[in-house]
Amino acid sequence: MEYLEEFKSYLENEDKSTLTIRSYLTGILQFQNWLEETYNISDISIIATREIKNYRSILLEKYSPASVNQKLATIKTFFNFLYETNTINENPAQKVKMQVIEDNFQHQYLTRTEELTILKIAREKDIKTYCIVLLMLKTGARVSEVSNLKLGDLLLNKNEPTILIKNSKGQKSRYIPIPQDVVTALIEWIEVRNKSNKIYHLRSQYVFTSQRNDRLQPRAIQKILSNIGTVAGIKLYPIRLRASYANNLLQYSNIPINILASLMGHSNINTTGRYAKASMHDKRKYIETLSEI
């Protein structure tokens with residue numbers, strides 16, 4: 001596609017990760033295919049704002065508002081690139097508004113009962129599965145961060161057990177303190193892993209390995225969570241564990257928002273603030289006290 005290679009170079013110069021670049025290029029190709037099928041337009045640079053708005057309407061019929069915003073962000077970035085390089089005189093994506101998502105994180109939190117249920121199911125599955133779920137629930141690590149975690153990133157000393165998240169979103173690294181139950185699970189899994197004679201365990205430096213790849217891919221981890229959710233009777237995906245981690249710290253430890261932002265790898269404290277909103281479960285807990293009055 002015309003402009004695609006230049007756009008790829010632009011993203012690389014912006015120091016975007018390989019995964020992000022791949023996602024952006026896929027999003028633009030999807031938009032291009034839709035334009036060709038709907039309007040018979042092959043040159044994406046000639047479209048107007050109305051085509052992008054129409055595409056947004058189509059996306060809203062298929063995806064959640066959050067997913068639509070991700071796809072719109074890709075399109076906005078692409079047209080900003082075309083405008084900055086003087087390929088187009090006006091930016092048709094500039095006036096296209098993102099979807100307003102109220103209480104986006106409120107429905108994401110797991111209740112304590114749900115947390116215990118999924119941990120029980122994971123434990124009954126195997127130590128590897130249990131370790132993955134517990135790690136995500138007790139560190140707030142992103143699914144890509146868990147996938148990329150290496151044995152050398154585990155600092156499991158008795159005094160200050162920590163994991164090192166390297167080159168994550170925005171090419172940032174951070175240390176995350178971990179509680180003792182996570183330490184115990186990691187040690188148990190690593191012992192099992194080290195005793196294995198399987199070639200992918202012997203060769204790989206990653207904590208969570210795969211038969212087909214050097215590491216367990218994010219999509220595979222998402223599938224693991226989805227299967228656990230099916231057994232538990234809930235929808236379970238990575239952001240629910242990450243949101244529950246943030247919510248638990250905010251609700252029960254009164255952690256300062258700036259420290260939580262550092263733990264979660266947020267550059268903007270406003271991003272962390274989204275997790276501070278009360279869930280519907282929390283609201284109902286307080287409202288039900290009215291029945292006692």
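Taking a ≥ b ≥ c as the square roots of the eigenvalues of the Cα gyration tensor of region 169-234, is the shape rounded (a/c under 1.5), prolate (a/b larger than b/c) or oblate?
Rounded, because the longest to shortest axis ratio a/c is under 1.5.
Residues with beta-carbon under 14 Å from that of residue 192, excluding residue 192: net charge, scoring Lys, Arg +1 and Asp, Glu -1?
+3
Can you pull the accessible area of residue 97 for me, 1.4 Å probe, Å² to the nearest 10?
Rounded to the nearest 10, the figure is 150 Å².
Which one of 86, 129, 25 is farthest out on the positive end of the charge dipole of the chain, using unit charges on Cβ (Lys, Arg +1; Asp, Glu -1) and the Cα centre as origin?
129
If R0 is 30 Å, what FRET efficiency do you get for residue 120 and residue 270 from their C-beta distance, rounded to 0.05?
FRET efficiency, residue 120 to residue 270: 0.25.
Once volume of the Cα convex hull per residue in Å³ is worked out from the coordinates, which option in [x] 177; [y] 146; [z] 137 does it equal?
The listed entry that was calculated here is [x].
Let me know the longest stretch in the chain that avoids all GluC sites (Glu not before Pro) found in a DSSP loop with at most 14 other C-beta atoms within 10 Å.
In short, 103-293.
Which value in Å does the Kirkwood hydrodynamic radius of region 1-87 take, with 1/r averaged over all unlike C-alpha pairs and then inverted?
13.4 Å
To the nearest 20 debye, what charge dipole does region 129-181 have about its Cα centre, counting +1 at the Cβ of each Lys and Arg and -1 at the Cβ of each Asp and Glu?
Dipole of region 129-181, to the nearest 20 debye: 200 debye.
Quick check: net charge around residue 94, other residues with Cβ under 13 Å of its Cβ, Lys/Arg +1 and Asp/Glu -1?
+2
Sum up the charges of everything whose Cβ sits under 11 Å from the Cβ of residue 71, counting Lys and Arg as +1 and Asp and Glu as -1, but leave residue 71 out.
+3
Under unit Cβ charges (Lys, Arg +1; Asp, Glu -1), what dipole magnitude, rounded to 20 debye, does region 1-52 have relative to its Cα centre?
200 debye
Mean residue ellipticity at 222 nm from the helices of the chain, using -39,500 (n - 2.57) per DSSP H segment of n ≥ 4 over the full residue count, to the nearest 500 deg cm²/dmol?
Counting only the DSSP helices, I get -18000 deg cm²/dmol.
Please grab the % of Cα pairs in region 185-278 that end up more than 19 Å from each other.
Tail of P(r) above 19 Å: 60 percent of Cα pairs.
Which residues' amide hydrogens lie under 5 Å from the amide hydrogen of residue 162, considering only partners 5 or more residues apart or on another chain, with H built in the peptide plane?
HN-HN under 5 Å from residue 162: 155, 156, 157, 178.
With N set to the number of residues, divide the alpha-carbon radius of gyration of region 74-191 by 2.2 N^0.38 Å and report two decimals.
1.52
Would you mind classifying region 144-206 by shape? Square roots of the alpha carbon gyration tensor eigenvalues, ordered a ≥ b ≥ c; an a/c under 1.5 is rounded, otherwise it is prolate if a/b is larger than b/c and oblate if not.
It comes out oblate by the Cα gyration axes.
Can you give me the three principal axis dimensions of region 1-153 from its C-alpha atoms, in Å, biggest first?
Between the extreme Cα coordinates on each principal axis of region 1-153 lie 57, 36, 25 Å.
Under unit Cβ charges (Lys, Arg +1; Asp, Glu -1), what dipole magnitude, rounded to 20 debye, does the chain have relative to its Cα centre?
Magnitude of the dipole: close to 820 debye.
For the pairs 16/166; 166/198; 120/235; 125/235, flag any whose C-alpha to C-alpha distance is greater than 25 Å.
With Cα atoms farther than 25 Å apart: 166/198.
The values are calculated or read from the model by the stated rules, or taken from the named source; none is laboratory data. Note that this is a predicted model, so its numbers are computed, not measured. Backbone-built Cβ (ideal geometry, glycine too); neighbour counts: all protein chains shown. Protein only, heavy atoms only, side chains kept; ligands, DNA and RNA dropped before computing areas. Shrake-Rupley method; radii C 1.70, N 1.55, O 1.52, S 1.80 Å.
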